[in-house]
Amino acid sequence: MIGANARVMLAEQNAPAVIAVTGKYPEGEKPTAQDFVNVYGADEGSNRFEHFRITTSAAKAYSDMHAASNQAIHAELLHSRPGPGSSLEVSERYEVKAGAAQLIIAARNADPVAYVGNLFPGDAPDWSKVKTPQEFQAAINWAGAAQQQLGFNKRLPLPWDFADRKAAEYIDPSKPFNQRLAELSSLVLAVRDPGARRAISKQIALLVEARWRARAAQDPSITPELLEAQVGVLKKGLDWVGEHPAQAQYSTMSWLRQAGVAFGDIGRTVAKGATAGGADSLVAKLTPSQAGESYEQRRAREQAETEDAEDRAGSAGWAAEALGAGLSGYGAAQGLFGLLGRAGIGAAEGGGLAGLGTRTAVGAATAAHTAGHTPTTPMKAFPRAYSPARLGVPASMFLPRGSARLAAAS
């Protein structure tokens, strides 16, 4: 049996936190007003018990509301608001409840993702184990849905500790910059919602700036003017990652890989224009199904890859889509697939080439055709990575056998 003195002191120290988490304090361990008087005397004991009563009441109110939605909390406060002639006890209960609600909303606004993670520990992702783009996308989706369910006024895509780790990695001088940019852009690219992508880059940018300024404060060689210029470059670069993650990832590739990706991207955008946007559905139907994958999942994957291709291609992609739109719709797409099939580079059975491989071959043939017949295309019509030089010179290395002859003969 714990003595009266120890029970009072432990309760003063621990009861508010225990009640806030569990909603109650162990039966028989909560001290009474007389216990406080016995330990501290009449005057101090009464004052301490009043403080204890208020703090534990606030903790109980916090426990009752911490899992409620923002709308439910506001409704509860409105219902509890004292009216004219209300007793002092009613007014006090309202003040306690309003204070608890204020603490809850402040905690939600400070780190909304961490809040929902603590609220639903069994369902929440373990952000310390999130490594791959697929895991990142799943974690972002879960966090967004949980915040929406609770009606948070302020929502963020990432918990602050995870965002801070990514900020530290992005400015880590021990790794090549291309590697850091590729890692960050691949994570952002995994998220399909453009608004969420921008929010991710902005959240990381805030922490990158804070870390960079703290680092600069220890380096007397960095002038204020230089610091502001550096911060501006960092923020602009991260804004670019948030707006165009596919472009950012593409910029880190070797020129050989860039050329191969460019051919495939042009093929996708041409196919989109030629089929009035129906190429993704067509390819999803032709592509062999992976284990447990539905047609809708295949189509969503194809659509995502086409969106990324358009992002990488920029104005060159728009031109390719316009070229495709100038063809005769679905019939033109059928003709392109048939032509490639007759040339021996069409949809190969097995290996999944009925989908991306086929359309990449379409893009290669189209790119070679365009490069061969528009030699005076101005450089400004292509993004830097999609310049005519990069599309034309290595064509023979990347086009399937016979494609260059097809383009030249057309």
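The values are calculated or read from the model by the stated rules, or taken from the named source; none is laboratory data. None of the values given here were measured: they were computed from a predicted structure. Please note: Cβ atoms are built from the backbone with ideal geometry, for glycine as well, and neighbour counts cover all protein chains shown. The protein model used for the area step is the full one, side chains on, heavy atoms only, and it has no ligands, DNA or RNA in it. Shrake-Rupley method; radii C 1.70, N 1.55, O 1.52, S 1.80 Å.
Remarks
- Shape category assigned to region 17-59 from the gyration tensor of Cα positions, a/c cut at 1.5: oblate
- Separation of alpha-carbon centers, region 159-184 and region 238-256, rounded to whole Å: 15 Å
- Overall form of region 1-102 per C-alpha gyration tensor (a/c, 1.5; a/b vs b/c): oblate
- Loop trypsin sites (Lys or Arg not before Pro), region 157-220, which have at most 15 other Cβ atoms in a 10 Å radius of their Cβ (DSSP): R192
- Placing D126, D111 in order of accessible area, with the largest value first and a 1.4 Å probe, yields D126, D111.
- Between region 109-133 and region 37-103, the C-alpha centres lie 30 angstrom from each other.
- Rounded to whole numbers, the Karplus 3J(HN,Hα) couplings from phi for region 158-169 are 10, x, 5, 5, 5, 4, 5, 5, 5, 5, 5, 5 Hz, using 6.51 cos²θ - 1.76 cosθ + 1.60 with θ = phi - 60°, and x at Gly and Pro.
- Given charges at beta-carbon only (K, R positive; D, E negative), |dipole| of region 1-99 in Debye: 220 debye
- When nucleic acids and ligands are ignored and a 1.4 Å probe is applied, R93 ends up with an accessible area of around 130 Å².
- By accessible area, using a 1.4 Å probe on protein heavy atoms only, region 56-180 has 54% of its surface on carbon and sulfur.
- Heavy atoms of I54 accessible to a 1.4 Å probe, total area in Å² rounded to 10: 70 Å²
- Cα gyration tensor, region 122-169 - rounded (a/c under 1.5), prolate or oblate: oblate
- Stretched out straight at 0.36 nm per residue, the stretch from N118 to A6 would grow longer than its current Cα-Cα span by 37.2 nm.
- For region 177-234, average projected area of the Cα convex hull in nm²: 4.5 nm²
- The accessible area of K60, taken with all protein chains in place and a 1.4 Å probe, comes to roughly 80 Å².
- Contour minus Cα-Cα distance for S221 and A17 (0.36 nm per residue): 68.6 nm
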